[in-house]
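Worksheet: one structure, shown below.
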Amino acid sequence: MSSHFFGEKLLTVFRIRRPEIGSVALSAIATLYLLMLANNSFWSHAVVYFDHAWIAMLSLGTALALTTFSTLTSLSMKYVTKPVLILLIAISAAVSYFTDTFGVVIDKEMIGNAAVTTQAEAGHLLTGGLALHLAIYALIPSLLIAWVKVMHRRFFAKAAVNFLFIAPALVLSGVLIYVNFAGIAYALREHRDLMVRFNPAGPISSAVRYGLSTYRERNLVVQPLGTDAKEGSRIAAAGKPVVVVVVAGETARAMNFSLNGYDRETNPELKALGVVNYRDTTSCGTATAVSLPCMFSVYPRAEYSDWKARSTENLVNVLTHAGVLVTWWDNNTGSKGIADLINFASMTRRKNGPLCNNGECLDEIFLADLDKKLGATTNDSVIVLHQLGSHGPSYYLRYPEAFRRFTPDCRTPELMSCTTEEIVNAYDNTILYTDHILASVARLLEKHQDRIAGAMIYMSDHGESLGENGIYLHGAPYAIAPKEQTQVPFIAWFSKPYQTAMGVDAACLSTDADTPKSHDNLFHTVLGMMDVQTGVYKRSLDAFAACTRPAEREKQAPGFHAAERRLRAGPGGVL
């Protein structure tokens, strides 16, 4: 027998015939795959949220399965089915990794965070664990879908058959929701994050909403704010430039500051300086893309929206209207539009050997330049330092070896491979390093106090979860966000020349340390610190106003002392 004959027999033995499957059957299998293997976060939260209302929970789950099946079946057309299914599986696999690993919710705000994430920041999330997860939950099923042969009927026959499956599925879905509406509506009303967790429909919906809002803002016109602003009589009589350094913190949670009672000494340098520390301060959001613009916005959290912030000038613009020189130095992912109209510099573009690596810099990158700037300042100024701070998951990259005090510390962005103790140790080292940065800023202001009257105010944008209740990092929807993500540090320091020139009573401020504060205070507090007179300033939201002596001319104004007493009395004294 010829070699050709044996070759054909060998090919026949090893040739694997492509399995055939109907488009409706493939849609059903894909639906089960998505619901059972890509929705661990949805189901685990549903069990808790429905609180033993099993019938209502299973009715919702079944209705979602039927709706998903109907959607996929309606798209089961030739040349469309496979790309759609592969895309949805890829999305669901990526989303499930982050929801299951870090406990995050991929809502509109999280999509916004991802959209502005730098290459360096994103690189910390591209780990071996993610690659393995995608290989198992995205690559393998996608290859199987690409391999099978999908059987399609002719157009009209397919439409008829698909309708015979879709119509009953949607009807049954509606019946299940209707019969159990009370229980389902209650759970979804009380826990609005549940449907956002439904993968991949929730994340896709969030992405669409983010895209639509971005599109809506393409022709946005920013409205002026505080154009009547001017410097008051006190700053005019200061005799030297008044300089306030605003440190916008990153991912620092209040509970890990020893100034707030934490059992580890994470703030030795600030403690030695005798700073003013507010122990009960609440953030506007749980992610930088929300909190940072909100901090510098005139709108309080109860009235704040991304649209309002982007369409209205902010704190730095009002300061500029008053003639204050404002500078923004950024060691993070940018100012989120806040500093578009002022002097802006990104520290991450530097190639400063020991302080910068792979597009990220330690926060000490600020100090040398700040020293030079303070030495040359001749104008009343506000300098904003936007930290990299304690941003995760690579906490170990946020501090130098000299501040690696708490060990063993987690030395990888894959937090699941570290113990809770190692994660907390690494995070506490970042707080220790932030303590050093803030104290260094205060010391530089003190160093130049012969020629400037300087002060520092520090407030973090949001906190961080370190594994409590299975949640890591930040960005949880505010309605369900744990206190670890919403309670932030708020610290101030004033040089002697500043206290004298601006009438600040630091001892008085210390007695106010337990009064609740929030991001709502920053806008008005900084205006007050720079003695800016404007109609948009609210003295009741100025955290330092009750302990700041007004200028003599203001003291003599009719009704001042009565108003001051109302302010000190609390909410009843709002001006």
Nearest 10 degrees is fine. How inclined is helix 181-190 to the longest principal axis of the chain, computing both from alpha carbons?
40
Please name which of 232, 498, 476 has its Cα lying farthest along the dipole of the chain towards the positive end, using unit charges on Cβ (Lys, Arg +1; Asp, Glu -1) and the Cα centre as origin.
476
What FRET efficiency comes out for the pair residue 350/residue 513, r = Cβ-Cβ distance, R0 = 51 Å, nearest 0.05?
0.85
Please get the size of the charge dipole for the chain, origin at its Cα centre, with Cβ charges of +1 on Lys and Arg and -1 on Asp and Glu, quoted in debye to the nearest 20.
1860
Taking +1 at the Cβ of each Lys and Arg and -1 at the Cβ of each Asp and Glu, which of 427, 408, 397 sits farthest along the dipole of segment 393-439 towards its positive end, judged by Cα position relative to the Cα centre?
397
Spin-label model distance (nm) - residue 159 vs residue 379, 7 Å beyond Cα toward Cβ:
6.8
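Nearest 0.05, what FRET efficiency do residue 230 and residue 170 give at R0 = 56 Å with Cβ-Cβ as r?
In this case the efficiency is close to 0.30.
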Counting Lys and Arg as +1 and Asp and Glu as -1, each charge on the Cβ, what is the dipole of segment 236-541 about the Cα centre in debye, to the nearest 20?
680
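Give the order of 410, 418 when sorted by the count of other beta carbons within 10 angstrom, beginning with the fewest.
Ordered from fewest to most neighbouring Cβ atoms within 10 Å, 410, 418 come out as 418, 410.
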Give me the extension gain from residue 55 to residue 419: residue separation times 0.36 nm, minus the current Cα-Cα distance, reported in nm with one decimal.
127.2 nm
Would you mind estimating how fast the chain diffuses translationally, via Stokes-Einstein at 20 °C and 1.002 mPa s with the Kirkwood radius over Cα pairs, in µm²/s?
80
Just the ratio, please: alpha-carbon radius of gyration of segment 236-541 over 2.2 N^0.38 Å, N its number of residues.
0.94
Taking Cα atoms, how many degrees apart are the long axis of helix 23-37 and the longest axis of the chain, rounded to 10 and kept between 0 and 90?
40
Rounded to one decimal in nm, the spacing of the 7 Å Cα→Cβ label points at residue 192 and residue 119 is 3.8
Give the order of 508, 547 when sorted by the count of other beta carbons within 10 angstrom, beginning with the fewest.
508, 547
Report the FRET efficiency, 1/(1 + (r/R0)^6), for residue 447 and residue 182, where r is their Cβ-Cβ distance and R0 is 56 Å, rounded to 0.05.
0.25
Non-local residues with an amide H under 5 Å from the amide H of residue 231, with H modelled 1.01 Å from N and Pro and chain starts lacking one, are 533
Going by how many other beta carbons lie within 10 Å of each one, how would you line up 395, 498, 97, 49, fewest first?
49, 97, 498, 395
Could you give the distance between the Cα centres of segment 487-515 and segment 395-468, to the whole Å?
22
Assigned charges on the beta-carbon of Lys, Arg, Asp, Glu; segment 16-216 dipole about Cα centre (debye):
960
For segment 16-216, the charge dipole (Cβ of Lys, Arg +1; Cβ of Asp, Glu -1; about the Cα centre) points to a positive end, and the Cα of 42, 135, 186 closest to that extreme belongs to 135
With θ set to phi - 60° and the Karplus curve 6.51 cos²θ - 1.76 cosθ + 1.60, what are the ³J(HN,Hα) couplings of segment 38-50 in order, to the nearest whole Hz, using x for Gly and Pro?
10, 10, 4, 5, 4, 5, 5, 6, 4, 4, 6, 5, 7
Simple spin-label estimate for residue 140 and residue 152 in nanometres, 7 Å along Cα-Cβ
2.9
For residue 242, enumerate residues with amide H under 5 Å from its amide H, sequence gap 5+ or separate chain, H modeled in the peptide plane.
380, 381, 453
Residues whose modelled amide H sits under 5 Å from the amide H of residue 346, counting only those 5 or more places away in sequence or on another chain, are 330
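Values in this text are rule-based calculations from the coordinates and carry no lab data. All values reported here derive from a predicted model rather than from experimental measurement. Backbone-built Cβ (ideal geometry, glycine too); neighbour counts: all protein chains shown.
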